[in-house]
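For reference, the structure discussed in these notes is given below.
The values are calculated or read from the model by the stated rules, or taken from the named source; none is laboratory data. From a predicted model like this one, the values you see are computed outputs, not experimental measurements. All Cβ positions, glycine included, derive from the backbone under ideal geometry; neighbour counts span all protein chains shown.
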Amino acid sequence: MSYLMSFLILFTAVLPPAGEQALDVLPHNTIILVSAVGDNTIGYDIDFGYNGSFNQVVDTNGLDYPFKNVAGIFKNDHLTIANLETALTNSTTRAKKKFKFAGKPAYRDVLAAGGIDAVNLANNHTMDYLEQGYNDTLANLKAAGIGCFGNGIKLVKNINGIKVGMLGYKGWTDSRWIRDKIAGDIAELKKQAQVVIISFHWGVERSNYPSNVQKELGRFAVDSGADLVLGHHPHVIQGIEKYKGKIIVYSLGNFVFGGNKNPGDKDTFIYQQEFIISPAGNAENGEIIIIPASVSSVKGRNNYQPVVLKGTEAERVLNRIINYSKDLEYGFNKAAR
């Protein structure tokens with residue numbers, strides 16, 4: 001069976017029959033299903049102009065509009081993780097940089113309506129509106145019941161009696177400092193959680209292949225005890241590899257992305273992975289599901305409403321991921337179950 005066919009089979013099993021639960025608990029084991037998506041800009045840069053912006057579309061169509069096509073997937077899992085690179089604030093004082101993204105405080109409910117449970121804040125946009133904007137973001141996420149991690153914040157969520165820990169880092173360079181930080185944080189979190197997930201903001205924008213820094217840091221995180229590594233920042237999809245039995249997703253691409261009214265590459269995917277936790281607390285990989293998607297449900301512009309792809313379009317995106325993974329030392333094919 002081809003690698004593509006293996007993942008098409010997984011893809012067709014994504015959505016459960018109506019009225020049934022997507023998840024199960026096996027005798028003596030607990031299964032947790034985690035979903036992950038990439039860069040989410042729940043707002044826009046005011047320099048882009050309001051017309052055609054994320055804010056105009058949401059103000060017109062409602063807070064549940066952006067995740068409308070995919071919320072059912074995220075509400076049928078146990079944990080959905082996203083990278084949030086937007087300040088949620090009314091502050092008007094901005095950083096001096098090229099792109100500065102912010103959304104209204106009410107847009108916290110965009111995430112809640114979409115089934116997002118936790119967001120990474122370790123990226124290059126959460127401080128776009130400086131300290132006030134960042135503090136407002138933290139407060140708004142808390143008010144919406146959405147967990148956050150990164151920038152020194154560790155998050156642990158209790159899911160069916162299993163504790164899942166999350167850490168986030170900016171992975172621009174591979175240094176002794178960041179390695180010591182990652183190793184120490186994972187070791188500390190392992191005392192509290194059976195599953196540890198690491199989120200890295202890293203890589204080169206618009207590159208479909210991970211840099212050496214990405215590969216070195218991702219594998220080091222696994223060596224240090226990470227059970228899953230998630231990547232974002234390139235704004236395009238990259239490959240996936242299985243390293244020492246753990247999965248490294250190098251770039252999930254964009255998702256609900258108010259940072260561009262019409263990105264040239266609208267392909268993305270939802271990554272889903274089951275963790276099977278034994279009574280002793282040991283976590284192993286369960287089923288891995290790749291759900292091909294587009295950041296927009298219309299062509300020719302970004303309407304900020306991702307849609308799951310079907311048929312030949314789904315095959316095309318799966319083929320891209322497979323091709324980007326072939327040159328990795330631990331290729332995508334080895335991730336298939």
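Considering only the range 35-57, I want to know if a residue exists there that is aliphatic (A, V, I, L, M), at pLDDT 95 or above and under 16 Å from LEU79 (Cβ atoms). Break it down stepwise before answering.
Start the filter on the range 35-57 by keeping residues that are aliphatic (A, V, I, L, M), which leaves 36-37, 42, 46, 57.
If we keep only those that are at pLDDT 95 or above too, we end up with 36-37, 42, 46, 57.
In the following step, the residues that additionally are under 16 Å from LEU79 (Cβ atoms) were identified as 36-37.
Checking the range 35-57: at least one residue is aliphatic (A, V, I, L, M), at pLDDT 95 or above and under 16 Å from LEU79 (Cβ atoms).
Just give me the residues in the range 108-156 being under 24 Å from GLY171 (Cα atoms) and charged (D, E, K, R), in sequence order.
Let us first name the residues in the range 108-156 that are under 24 Å from GLY171 (Cα atoms), namely 116-131, 133-135, 137-138, 141, 146-156.
Result: ASP117, ASP128, GLU131, LYS154.
Considering each of GLY147, GLY152, GLY184 in turn, give the residue that is closer than 30 Å to PRO279 by Cα, over 16 Å from the mean Cα position of the chain (by Cα) and not β-branched (Val, Ile, Thr).
The conditions single out GLY184.
Would you confirm whether or not the range 67-86 contains a residue that is over 29 Å from GLY286 (Cα atoms), among the hydroxyl-bearing types (Ser, Thr, Tyr) and surrounded by fewer than 20 Cβ atoms within 10 Å (Cβ to Cβ)?
Looking for residues that are over 29 Å from GLY286 (Cα atoms), among the hydroxyl-bearing types (Ser, Thr, Tyr) and surrounded by fewer than 20 Cβ atoms within 10 Å (Cβ to Cβ), one finds none in the range 67-86, hence no.
Just to verify a result, which residue in the range 276-293, among those that are over 16 Å from ASN76 (Cβ atoms) and buried (at least 22 other Cβ atoms within 10 Å of the Cβ), is farthest from the chain's Cα centre (by Cα)?
Only one residue fits best here, namely ILE277.
Just checking, how many residues over the range 38-64 are at positive phi and surrounded by 20 or more Cβ atoms within 10 Å (Cβ to Cβ)?
Narrowing the range 38-64 to residues at positive phi: 43, 49, 52, 62.
Cutting the leftovers down to surrounded by 20 or more Cβ atoms within 10 Å (Cβ to Cβ) gives us 43.
So the answer is 1.
Could you check the range 284-300 and list, in sequence order, the residues that are over 12 Å from PHE54 (Cβ atoms) and in contact (Cβ under 8 Å) with a residue 40 or more places away in the chain?
Selection gives ASN285, GLY286, GLU287, ILE288, ILE289, ILE290, ILE291, PRO292, ALA293, SER297.
Consider the range 187-210. How many of its residues are within 19 Å of the chain's Cα centre (by Cα), surrounded by fewer than 24 Cβ atoms within 10 Å (Cβ to Cβ) and polar (S, T, N, Q)?
Residues flagged as within 19 Å of the chain's Cα centre (by Cα), surrounded by fewer than 24 Cβ atoms within 10 Å (Cβ to Cβ) and polar (S, T, N, Q) within the range 187-210 amount to 2.
Give the residue, chosen from ALA102, ALA143, ALA112, ALA118, that is of a type in the set (A, V, I, L, M), surrounded by 24 or more Cβ atoms within 10 Å (Cβ to Cβ) and within 28 Å of ASP77 (Cβ to Cβ).
ALA118
If I ask for residues that are modelled with pLDDT under 95, in contact with a strand residue (DSSP E or B) (Cβ under 9 Å, 6 or more places away or on another chain) and surrounded by fewer than 20 Cβ atoms within 10 Å (Cβ to Cβ), which ones from the range 294-329 would you list?
Selection gives GLU329 alone.
Is at least one residue of the range 253-263 farther than 28 Å from LYS75 by Cβ and buried (at least 24 other Cβ atoms within 10 Å of the Cβ)?
No.
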